[in-house]
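Undergrad: Next up is a structure, given as structure tokens.
The values are calculated or read from the model by the stated rules, or taken from the named source; none is laboratory data. Note that the coordinates shown come from a computational prediction; the quantities given were computed from them, not determined experimentally. Methodologically, a virtual Cβ is constructed for each residue, glycine included, from the backbone with ideal geometry; neighbour enumeration extends over all protein chains shown. Each accessible area value is taken on the protein alone, full model and side chains, heavy atoms only, with ligands, DNA and RNA left out. Shrake-Rupley method; radii C 1.70, N 1.55, O 1.52, S 1.80 Å.
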Amino acid sequence: MERAEAYGFSGAMSGAFLLSCLLFAAVSRRQRGPYMDEVFHVPQAQAYCHGRFLQWDPMITTLPGLYLLSVGVVKPAAWLLGWTGSVVCSVGMLRFINLLFSAGNFYLLYLLLFKIHQKNKAVSGFQRILSALTLAAFPTLYFFTFLYYTDPGSVFFTLFSYLMCLYGNHKTSALLGFCGFMFRQTNIVWTVFCAGNVVAEKLNEAWKIELQKKKDEKISSRKGSFSDLTRILQFLVEYLLSPKNLVTLTVLTWPYIILVSLFFVFVFINGGIVVGDRSSHEACLHFPQLFYFLSFTVFFSFPHLLTPTKIRKFLLSLRKHPVQYGLVTVISLFLIWKFTYVHKYLLADNRHYTFYVWRKVFQRHELVKYLLVPFYLFAGWSFADTLKSKSIFWILMYFVCLLAVTVPQKLLEFRYFILPFLIYRLNIPFLSLYRQLLELAFYILVNAVTFYLFLNRTFQWENNDEVQRFMW
């Protein structure tokens, strides 16, 4: 990092943290007590603060990573500063943990952008800082910086694990992956993703050697016709069936293999992936979740995905490959018809934006969910098109992880999309400065509206005196 870039990054991070502190104070003044899921998380952390480590709220569905880390930070800080009484492990103190995670996420996002795009000399330091600032302000994640939720910590340890993986520190990466797993069990998918990065790199090297041997310039490891894809899949099967190659991959990825093995032991002993209340968190094959994620990604990455050039290229591709698109359309319609699930929370809780998305869009008419298929096709094509700079093996690995983390979820919840979105966004090429600024301005606008609604547009339910607020 050059000196000017270091100063610029320090200034951006300091300014963002100061602004977050001011917003944190505003949220804490308006909502002093626990809100939404905080009514479970805060008392559990406070029980740990008082040494009651065997106490557990059965409504909590995640492992106790957030509470253990909170106690590990708050108790020493309180001892050093001489704090006693109710201020220790208060709601505000616990929420502040996520403000620290938010600052850490900003730094990790910058380091990941630097590492992933280090070969692209056309990218300036200012663009890296601007992109890191934009992703740190990603609305769905940024909102939960100010509440005591698992999301900021979950993202922190997952991004840290990914960074260590890219630098080849796989034992450290697996250890950080374990920390992420302790915040949210589904983060084990991103441990598999880190192992997949190693596997994809070895596969790409072997594929290039294969191409060189056959001296076939028409086959590409990045993109190509259906026959090229068939050749690649055939190579993939042959490579993975070789005992020598399997031994090599095992030696490279053994820390991740151990962690994934421990995960399966946990699932066996626990009787499932969810701890606590399982009745509202049942796994199912909810394939339309992939379509919801693609729509979510287009919305938050429209400067990348929703451009006139992209639309023209998509229409040209549609004209060139009508049979393939027709087949995908039929499959999509079938998946929507047979595998659409509506969680009871989605229909009942009018505090979440997803309630209004579902009511205003999908519940307007039974046919709406089918009429959206052309948009899903464009979203999927545009999404894949922005990843064409990655190897085909990396894309296959990411897509498998994307399916694993979204499809089993019955509830449409935007928080489930945070990590797959960030991993995607980190790996696509940089835009022009104008489009980067447009993206940042859009995030700032969405955040401003979100916090205005949360702080000022309160409402109450019938037969309930508690103040209700709109949120992600």
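Undergrad: Return a whole-number percent for the relative contact order of the chain, with Cα pairs under 8 Å and 6 or more residues apart as the contact set.
TA: 20 percent.
Undergrad: Over 32 Å between C-alpha atoms is what I'm after, so list which of Lys121/Lys369; Lys119/Lys171; Lys338/Lys360 land there.
TA: Cα-Cα > 32 Å for Lys121/Lys369; rest within.
Undergrad: For the chain, which cysteines have no second Cys with its Cβ under 4.7 Å from theirs?
TA: Cys21, Cys179, Cys284, Cys401
Undergrad: DSSP loop (so not H, G, I, E, B), at most 15 other Cβ within 10 Å: list which chymotrypsin sites (Phe, Trp or Tyr not before Pro) in the stretch 129-175 pass both filters.
TA: Sparse-neighbourhood loop chymotrypsin sites (Phe, Trp or Tyr not before Pro): Tyr167.
Undergrad: Still on this structure, please answer the following. Where does the chain land at 222 nm, in deg cm²/dmol rounded to the nearest 500, when only DSSP H runs of n ≥ 4 count, each adding -39500 (n - 2.57), divided by all residues?
TA: -22500 deg cm²/dmol
Undergrad: Dividing the Cα convex hull volume of the chain by residue count, how many Å³ per residue is that?
TA: Normalising the Cα hull of the chain by residue number yields 175 Å³.
Undergrad: Per Stokes-Einstein, at 37 °C and 0.692 mPa s, what whole-number D in µm² s⁻¹ belongs to the stretch 283-431, with the Kirkwood radius over Cα pairs as the hydrodynamic radius?
TA: D = 201 µm²/s.
Undergrad: Which one of Ile232, Gly125, Leu438 is farthest out on the positive end of the charge dipole of the chain, using unit charges on Cβ (Lys, Arg +1; Asp, Glu -1) and the Cα centre as origin?
TA: Towards the positive end, the residue furthest out is Ile232.
Undergrad: What is the Cα convex hull volume of the stretch 264-320 when expressed per residue in Å³?
TA: Hull volume over Cα atoms, normalised by residue count, gives 152 Å³.
Undergrad: Cut-off under 13 Å on the C-alpha distance; same-chain residues fewer than 8 positions from Lys344 excluded. Which aspartates and glutamates are left, in chain and number order?
TA: The reachable aspartates and glutamates, counting only those whose Cα sits under 13 Å from Lys344, are Glu282, Glu413.
Undergrad: For the chain, report the accessible area per residue in Å² (1.4 Å probe, heavy atoms, rounded to an integer).
TA: 49
Undergrad: Another question, if that's okay. Within the chain, which whole H helices from DSSP have a Cα span along their axis of at least 27 Å and a mean Kyte-Doolittle hydropathy of 1.0 or more, if any?
TA: 91-116, 243-270, 433-456
Undergrad: How about Lys313: which aspartates and glutamates have a C-alpha closer than 15 Å to its C-alpha, ignoring those fewer than 8 places off in the same chain?
TA: Partners found: Asp385.
Undergrad: Could you work out what % of the accessible surface of the chain is carbon and sulfur, using a 1.4 angstrom probe and leaving DNA, RNA and ligands out of the count?
TA: Accessible surface attributable to carbon and sulfur in the chain totals 67 percent.
Undergrad: With only Lys, Arg, Asp and Glu charged, each at its Cβ (+1 for the first two, -1 for the last two), find how big the charge dipole of the chain is about the Cα centre; round to the nearest 20 debye.
TA: Using Cβ point charges on Lys, Arg, Asp and Glu, the chain gives about 1240 debye.
Undergrad: Among the listed pairs Lys115/Lys202; Lys115/Lys320; Lys244/Lys390, give every one whose C-alpha distance is greater than 29 Å.
TA: Listed pairs above 29 Å: Lys115/Lys320.
Undergrad: Sort out for me the Cα centre separation of the stretch 61-128 from the stretch 266-319, rounded to whole Å.
TA: Here the answer is 27 Å between Cα centres.
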